[in-house]
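Following: one structure in structure tokens, then a few remarks.
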Amino acid sequence: MFRLQTPAFIFDEVEFGRGVAEFRGALEQRFVRVGIGYSVKTNSLPYALRQARKEGCMAEVVSHDEYELARLCGFTPAEIVYNGPMKSKETFIEAVSGGAIVNIETKRELEWLQELPAPQGAGCYNIGLRLNINISRISAEDADGEDDNSRFGFSDESEEFAEAIRQIESIEGVRLAGLHIHRTAHSRSPRFYEHSVAYAASVIRKYDLRLDYLDVGGGYFGIFPGKPTFAHYAQAFHTPLHAAGLTDLRIIVEPGNALTASAFKFITEVIDVKRIDSRTRFLTTDGSRNDVDPFFHKSDYLKEILYQTPDRPAENLQIVGGCSCLEYDRLFTLTDAPRLERGDRILYNNVGAYTMTLSPQFIRLWPRVYALSADGTLKEVRRPARAHDIISFDK
Ligand SMILES: *Cc1c(COP(=O)(O)O)cnc(C)c1O
């Protein structure tokens with residue numbers, strides 16, 4: 001770890017592959033047809049996208065920019081799950097025509113369906129629809145308050161879900177092929193998925209829908225001791241579908257956090273030490289809270305301190321800060337710990353989810369990324385961003 005140039009993220013390919021394989025195994029034990037859509041917004045590093053494709057994942061994208069990034073990383077339209085309100089008409093039509101899983105989120109997409117070219121021969125276009133989920137109504141134990149509603153999907157409590165189905169079915173050559181029910185409960189509990197899938201099954205029955213797939217979305221814990229496993233989640237999907245006679249549906253999951261969190265580490269180096277009074281040492285590191293805690297709500301990390309030399313005397317209070325000029329760019333505090341010196345390093349584990357995609361262009365641009373492969377070799381897969389990159393947008 002002392003050969004690496006800091007600051008840097010480290011992508012652990014083996015850990016990533018293990019998550020994909022475990023989730024797939026848990027699903028395949030219970031369902032004949034399964035699909036894993038890697039949530040691009042959770043970590044859009046192109047190298048990770050290519051790795052996800054190698055591991056047999058689709059790319060789950062929520063904007064035309066992410067759609068284009070997935071295409072540039074080698075995903076064909078048929079290997080893409082296209083969600084969210086920020087689709088463009090052009091990419092929407094390409095995706096539907098090319099056999100992507102496209103889940104409609106907005107009314108303008110219903111209108112765009114009219115502009116599809118006539119399907120070839122006896123074929124037809126498959127389209128999915130996102131169902132609105134109110135957690136208070138379907139799983140009160142997992143709800144945040146009395147009315148944990150959602151601004152996404154079409155609601156079956158209003159007329160809009162029925163109306164969207166009617167509109168889809170009125171277009172020749174287009175059929176409703178799937179439902180999308182992504183919603184994240186704070187608890188991330190399997191019980192929530194059992195309830196949301198049961199709700200989806202009741203809607204499928206109510207309208208007598210003949211679907212190919214149910215896309216249950218993301219929101220899962222990764223592999224952590226004491227937390228639900230992929231088997232628990234897969235069972236939570238299976239129980240209500242079995243009860244409704246719907247286990248022949250293809251089950252699609254869209255994990256982000258569960259696959260990326262533990263697959264990325266971040267390494268920084270102490271670049272300066274200051275003593276401000278008899279007990280307090282401030283350490284400045286070349287990483288920032290912006291790299292590993294973009295919402296500024298963490299108070300500690302799954303960290304390892306890599307001392308260059310052993311047998312350091314203990315220090316009363318050491319405050320580890322970042323490289324930005326924000327006073328509150330402070331990462332964690334050590335009490336009665338061995339003295340940190342310039343050149344020592346800090347390795348932050350489990351920092352792959354919603355970190356790199358939320359990094360601002362603040363003071364120091366995006367850091368470099370190394371990939372750690374199965375044979376133990378480390379290679380640089382992204383150089384650090386430079387001022388030159390920012391200038392290149394200028395007109
Ligand atoms: C964010 C998101 C995901 C991934 O969520 P995680 O909590 O990272 O698993 C999956 N699907 C959709 C539609 C999303 O918006």
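The values are calculated or read from the model by the stated rules, or taken from the named source; none is laboratory data. Keep in mind the model is a prediction, meaning the values are calculated, not measured. With ideal geometry, Cβ positions are generated from the backbone for all residues, glycine too; neighbour counts draw on all protein chains shown.
Numbers for the structure displayed
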item	result
Checking N103 against (1) within 16 Å of the ligand (Cβ to nearest atom); (2) more than 23 Å from S170 (Cα to Cα); (3) among the polar types (S, T, N, Q), the condition it does not meet	(2)
Among the candidates D215, D272, D208, D248, residue that is within 13 Å of the ligand (Cβ to nearest atom) and over 22 Å from G17 (Cβ atoms)	D215
Residues located in region 130-146, provided they are touching a residue at least 24 places away in the same chain (Cβ under 8 Å), among the polar types (S, T, N, Q) and out of contact with any Gly (no Cβ under 8 Å at 6 or more places or on another chain)	S139
Meets criteria (surrounded by fewer than 18 Cβ atoms within 10 Å (Cβ to Cβ) and of a type in the set (D, E)) for E269	no
Identity of the residue in region 225-237, farther than 22 Å from V62 by Cβ and more than 14 Å from the ligand (Cβ to nearest atom), that ends up modelled with the lowest pLDDT	P225
Some residue of region 287-297 being within 19 Å of the chain's Cα centre (by Cα) and closer than 30 Å to G178 by Cα	no
Qualifying positions in region 59-86 - aliphatic (A, V, I, L, M) and either within 11 Å of the ligand (Cβ to nearest atom) or surrounded by fewer than 23 Cβ atoms within 10 Å (Cβ to Cβ) (or both)	V61, V62, L69, L72, A78, V81, M86
Breaking point among (1) surrounded by fewer than 24 Cβ atoms within 10 Å (Cβ to Cβ); (2) in contact (Cβ under 8 Å) with a residue 12 or more places away in the chain, for G287	(1)
Any hit, region 181-190, residues being away from the ligand (no atom under 13 Å from the Cβ) and either touching a His at 6+ places or on another chain (Cβ under 7 Å) or assigned to a helix (DSSP H, G or I) (or both)	yes
Scope region 147-177; condition within 13 Å of the ligand (Cβ to nearest atom) and either closer than 20 Å to A201 by Cβ or among the small types (G, A, S) (or both); matching residues	S150, F152, G153
Qualifying residue in region 197-218 (condition: of a type in the set (G, A, S), under 26 Å from A164 (Cβ atoms) and within 16 Å of the chain's Cα centre (by Cα))	yes
Conditions (1) more than 19 Å from H186 (Cβ to Cβ); (2) at pLDDT 95 or above; (3) part of a loop (DSSP other than H, G, I, E, B); (4) among the hydrophobic types (A, V, I, L, M, F, W, C): number failed by A162	(3)
Count of residues meeting criterion [in a strand (DSSP E or B) and aliphatic (A, V, I, L, M)] in region 277-296	1
Flag for R175 being basic (K, R), surrounded by fewer than 19 Cβ atoms within 10 Å (Cβ to Cβ) and modelled with pLDDT of 95 or more	yes
Some residue of region 323-343 being in contact (Cβ under 8 Å) with a residue 40 or more places away in the chain, part of a strand (DSSP E or B), within 18 Å of Y301 (Cα to Cα) and more than 16 Å from the ligand (Cβ to nearest atom)	yes
Among the candidates T284, T309, residue that is β-branched (V, I, T) and over 29 Å from N43 (Cβ atoms)	T309
For I319: the one exception among (1) in contact (Cβ under 8 Å) with a residue 60 or more places away in the chain; (2) part of a strand (DSSP E or B); (3) in contact with a Phe, Trp or Tyr (Cβ under 6 Å, 6 or more places away or on another chain)	(1)
